[in-house]
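Quick note: the coordinates plus some simple rules give every number you see, no bench work behind them. Since the model is a prediction, treat every value here as computed from it, not as a measurement. For neighbour counting, all protein chains shown are included, and Cβ atoms are generated from backbone atoms with ideal geometry for every residue, glycine included.
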Amino acid sequence: MTNPTRIRATVRDGITEVRARLSHVMETGMRKNATGALIPAHFITDLTVFNNDRVVLSAQFGPSVSANPYLVFKFRGGAPGERVRVSWTDNLGESRTDEVAIA
Amino acid sequence: MNHQRRQALRAGGGLGLYALLAGAGLISPELAQAAQKRAGFDAHTLDAVLSALGAGKPAASSDIELNVPDLNDNGAAVRLGIVSRLPKTEQVAILIEKNPSPLAAIFTIPEGTLADLQTEVKVSESCPIHVLVKAGGRFYSVRKDVQVTIGGCG
């Protein structure tokens, strides 16, 4: 089960700023639970952000990215009403895509 | 003596091994490619990450800005701000020197996207954080010492 990514995208002077908070445990695989057993690794490995169908950012993550990954970046272009889509895949094969209209 | 095995061992640990195994038909090219795509993430030292990324010894650059507080209460979420003023910045990587796996993230910056981003990383103990930038096919870096009160990986 996955939870939605919170996304905000605003365009100003021809530059769109995207702020996103992904919802993910980002478990390193090195932590132990109360009984001393290792908690298996579970983290986002790949992230892609689109403006309509154009890739505006892609990333590979390791488990050192914080839980509920936070991301802010800017790209040229984008117009109010266009879509910004954030898509991720994790090491267990789960994936999720969320989108928002540029304000 | 099995020469092929010797060669494989010599190349081992790095990507050479995957290439060899794929070449010998032992694993599928897709699997080799997938491993290559994650190059650097399984390395455990700064130098190993740099060599897996093909960065060698990156040149220190004052055109890369790394904004991070010197002192952080909580190592589980240390906020980083990164700006590269290097022309043709195509890749930005974050390396946390003393984390069990130093490579935290690699961002690929397409044409039209600004090399200006913020994110949060875990820092297991006080240590330097390095930002590695690939611009115009060459590697540059900047480092900053960061202190954490409570480590972020336990």
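Examine region B:126-143 for a residue that is facing chain A (nearest Cβ under 8 Å) and not small (G, A, S), and state whether such a residue exists.
So far as region B:126-143 goes, no, none of its residues is facing chain A (nearest Cβ under 8 Å) and not small (G, A, S).
Identify the residue in region A:70-87 that is at the interface with chain B (Cβ under 7 Å from one of its Cβ atoms) and either over 15 Å from B:T108 (Cα atoms) or aliphatic (A, V, I, L, M) (or both) and, among all such residues, is surrounded by the most Cβ atoms within 10 Å (Cβ to Cβ).
A:L71
Here are some conditions: (1) within 21 Å of B:P100 (Cα to Cα); (2) within 13 Å of chain B (Cβ to nearest Cβ); (3) surrounded by 14 or more Cβ atoms within 10 Å (Cβ to Cβ); (4) not acidic (D, E). A:H42 meets all but one. Which one does it not meet?
Among (1) within 21 Å of B:P100 (Cα to Cα); (2) within 13 Å of chain B (Cβ to nearest Cβ); (3) surrounded by 14 or more Cβ atoms within 10 Å (Cβ to Cβ); (4) not acidic (D, E), the lone unmet condition for A:H42 is (2).
Would it be correct to say that B:P87 is farther than 18 Å from B:S51 by Cα and assigned to a loop (DSSP other than H, G, I, E, B)?
Yes, satisfied.
I need the full set of residues from region B:87-118 which are within 7 Å of another protein chain (Cβ to nearest Cβ), surrounded by fewer than 19 Cβ atoms within 10 Å (Cβ to Cβ) and polar (S, T, N, Q), in order please.
B:T108, B:Q118 - these are the residues of region B:87-118 that are within 7 Å of another protein chain (Cβ to nearest Cβ), surrounded by fewer than 19 Cβ atoms within 10 Å (Cβ to Cβ) and polar (S, T, N, Q).
Examine region B:54-65 for a residue that is within 14 Å of B:V131 (Cα to Cα), in contact (Cβ under 8 Å) with a residue 40 or more places away in the chain and under 10 Å from the mean Cα position of the chain (by Cα), and state whether such a residue exists.
Yes, the conditions are met somewhere in region B:54-65.
Considering (1) within 18 Å of A:A20 (Cα to Cα); (2) in contact (Cβ under 8 Å) with a residue 60 or more places away in the chain, say which one B:I82 fails and leave the rest.
It is condition (2) that B:I82 fails.
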